[in-house]
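Only one structure is covered here, and it is reproduced in the block below.
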Amino acid sequence: MDGVQSVTLKNYAIKGSRTVDLLKRLKKKKKVQDGLKDADYIFFTIGGNDLMHVVRQNVLNLTFAPFQKRAGSF
């Protein structure tokens, strides 16, 4: 039989994590580091919680300025 015989998925997501949290985990958690080193493919979806944090803090006065201020952190 040709093709992929098996797939292993490791999900290191933590609900509510922001980019800064991911960076800390990548630096400190050997389990995560080893999982990434062994991976053939890596998929990240991060940043949504960073954006929602800005929205929640500015919900009554939402402009582009708070996003620009925080842009370096996402």
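Laboratory data are not the source of any read-out in this text; all were calculated from the coordinates shown. The structure displayed is predicted, hence computed values, not measured ones. Positions of Cβ are generated from backbone atoms using ideal geometry, with glycine treated the same way; all protein chains shown enter the neighbour counts.
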| task | State all residues of the range 32-64 that are among the aliphatic types (A, V, I, L, M), surrounded by 10 or more Cβ atoms within 10 Å (Cβ to Cβ) and more than 30 Å from Leu9 (Cα to Cα); if no residue qualifies, say none. | result | Val54, Val55, Leu62
| query | Only one residue in Lys28, Lys69 is without any contact (Cβ under 8 Å) to a residue 12 or more places away in the chain and either surrounded by 10 or more Cβ atoms within 10 Å (Cβ to Cβ) or in contact with a Gly (Cβ under 7 Å, 6 or more places away or on another chain) (or both). Which one? | reply | Lys69
